[in-house]
1. I need the full set of residues from the range 379-394 which are in a helix (DSSP H, G or I), open to solvent by 20 Å² or more (accessible area, probe 1.4 Å) and touching a helix residue (DSSP H, G or I) at 6+ places or on another chain (Cβ under 7 Å), in order please.
2. Is there any pair linking a residue in the range 341-354 that is under 10 Å from residue 496 (Cβ atoms) to one that is open to solvent by 80 Å² or more (accessible area, probe 1.4 Å), with Cβ under 6 Å and at least six apart or on different chains, and which?
3. With the requirement that a residue be touching a residue at least 40 places away in the same chain (Cβ under 8 Å), open to solvent by 60 Å² or more (accessible area, probe 1.4 Å) and not in a helix (DSSP H, G or I), what does the range 395-426 give you?
4. So which residues in the range 88-101 are surrounded by fewer than 20 Cβ atoms within 10 Å (Cβ to Cβ), touching a residue at least 12 places away in the same chain (Cβ under 8 Å) and either within 14 Å of residue 358 (Cα to Cα) or aliphatic (A, V, I, L, M) (or both)?
5. Condition first: open to solvent by 30 Å² or more (accessible area, probe 1.4 Å), modelled with pLDDT under 85, farther than 28 Å from residue 245 by Cβ and touching a Ser or Thr at 6+ places or on another chain (Cβ under 8 Å). Can you find one or more residues in the range 541-556 that meet it?
6. Out of all the residues in the range 135-155, which are charged (D, E, K, R) and either touching a helix residue (DSSP H, G or I) at 6+ places or on another chain (Cβ under 9 Å) or touching a residue at least 12 places away in the same chain (Cβ under 8 Å) (or both)?
7. Residues to consider are 339, 291; find the one that is surrounded by fewer than 18 Cβ atoms within 10 Å (Cβ to Cβ), at pLDDT below 90 and more than 31 Å from the chain's Cα centre (by Cα).
8. Tell me the residue from 349, 364, 302 that is in a helix (DSSP H, G or I), closer than 30 Å to residue 587 by Cα and modelled with pLDDT of 80 or more, please.
Amino acid sequence: MGTTSPAMSDLWISMRPYPGRLNHVLRAMVACTIVVIMSQSLQVPLLALSLITVFFVTQTNIVVTRLTGILFIVGSTFSIVLSLIVLKVTWNTPFLRILISFTLFFVSVFLMRTTKIGVVFFVVAIVAIYTQSLVDISPDAETLVRGILWVWVAVNYPIAVTLIVNSLLMPVEPEIQLKRAIGKQLSDMASLLSADATLLRRQNTLSQAGRDIQTLYRLLRYKTMRDKHAAQKGGHYLTAIAIVSELRTASCHLPASFEGEDVLKDAETLRNALKPLELMLINGEPDWQTKPPVLHSAEPAFIAIAGIISSYNKKVAAAENKANTQVPSPATHAGFLVKDAFSNEHYVFFSLKTLLSAAVCYLFYTATDWSGIHTIMLSCLIVAQPGLGNTQRKIILRLVGAAVGSVFALVTIVYLTPRIDTLFGLLCIVLPVIALSSWISAGPENVSYAGVQIMFTFALATLETFGPVTGLTEVRDRIVGIILGIIVAGLIHTLIRPEREGGVMLQNLGALFDEARSWLHSATRHNETRQKVATGLVECEDIAARVAIEPTWFSAEGSHDQLHQHSLSILNAIKNVLFYIDRVSFEKEHLKNQEPANEFILGIQGNMDKISSVLNGRTVSDGDVYYPVPDSVLPDSFRDAAKGLEESQRHFFNLTSTL
């Protein structure tokens, strides 16, 4: 039997349902249905633009939806006013109009990368470049102004519809999401404590725990934005997240198999203790019986989990509530610009490359007098993403989405449109495509934009008029514009100062490793920074996923860039090293006599220094790697962890020695 490829496996996982995905799709479909009916009935042009606005504004919960809607309204209004001013000043001077518009485009792309409200400047950049195509096809100034003002209407009235639908129909509150996430993670913890969950325990990694922790803190931030009085209740949720985070990281060291009657009894005891803990954390009423779990085995992971559960009794929880009454506000993190906005040259070169690709496409667009391919310039901005891997992924998703949307449009125009003559018939054709597109767009980042592109390409070809579409020219022009724009933008971003992220990932890994190696010497440091390292691994995994799709056909073999290309292998090796550092630290903290363990840790410091030097790009000193043998007085569990640390170091050094 053949095995499924990793790409198909990832695609299947991305398409699977998860809690809240159907709700997201239904909200988007209801808003899109209302927008289609209103635009067709009132003859509001640019229906495809209205539908894509609905997709962008419909988010996971009401807080993010409202924030995105407000930013889109501000961005569209500001960009329309700015475009009208530029056209009024430069109407009789085409060269000056193009020069000012491209300058505005460059500044908008730069601010899109360097501000926290980048979506506003993304809209400004889109309008700045899109108005150039309207100027070329408008017969007079009045028609042009009307067209630009209709753009404002087509963007903003769908936002109002979307906000109303998301506020009144199945609103998703972040506090409810947070409670569900806490409950789910504790239920998963209980599942890990089942005797027959051997496979689950082997798949439970520190980075997966970090991803779960990230989810909890993100939902807490949304809840704080939603609730004006969140500071009064925030301490309880911070305490709950702290408990769950400690439990999740401790669960990574559960033995793969539970052997022995005492171990099975302890696992069941801990499972029973998690049930009242879940009620306490979700309901916010710590009135459960705080009797510490009584253990019969000496399993370190069980001892740690029991300690976490019993430490958060009623008095401790009350003290935590007092100490954590101040919840950090999302608005107090930083200023308008990122710290390195003017010192990091990547931002300027990114803006210049995006401007160059848009200018080349505009030159081709005007030279060929092919008005139907105005999407060629929009593609240059849409696929321009931080990092070469991000750009490649956006190119692939835009191309695949456009191809699928074009096929749907082709089938609709040829076989379905001639058979319908009512608005109800149009909805019967459009809504299945919108449903599929919305389902895909509600998925993870590696597929979500393809759903948006499917819907947008389909709508551009079939919904831009107020009657049946019979020609195939629109389908051809849209796909040609997208492909040409992708080719130009892809070549420019790949060949001119490519923004590779392999070095960034290695730098982040080096910082995480330096943090983790301190665990071997300080139990306090181990407990305080374990969550930080776990969430940092998640960020490194995301970067590695993007590095994996960066083009390598022009890279020089044997250069330092080759080390970056193997960053995924290095990441996996370092994750293994970090796991065993965590495990050794974990075992050491439960020893009565730590002197033999400290001697072992002192013996591997040279190896730790070499690993840190490799990750941080420093010169590695010559010399053999030394692997000390743990003292025989140490327990078997410690010596097993030390053996795993040795093997993980050997694997890392063998891997890096070949690069």
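The values are calculated or read from the model by the stated rules, or taken from the named source; none is laboratory data. These figures come from a predicted structure and were not determined experimentally. Counting neighbours? That spans all protein chains shown, and the Cβs are built from the backbone with ideal geometry, glycine included. To get the accessible areas, we keep the full protein, side chains included, count just its heavy atoms, and leave off ligands, DNA and RNA. Shrake-Rupley method; radii C 1.70, N 1.55, O 1.52, S 1.80 Å.
1. Passing the criteria: 382, 390, 393, 394.
2. Listed pairs, sorted by first residue: 349/497.
3. Hit for the range 395-426 is 421, nothing else.
4. 98, 100
5. For the range 541-556, residues open to solvent by 30 Å² or more (accessible area, probe 1.4 Å), modelled with pLDDT under 85, farther than 28 Å from residue 245 by Cβ and touching a Ser or Thr at 6+ places or on another chain (Cβ under 8 Å): present.
6. Matches in the range 135-155: 136 only.
7. Only one candidate qualifies: 291.
8. 302
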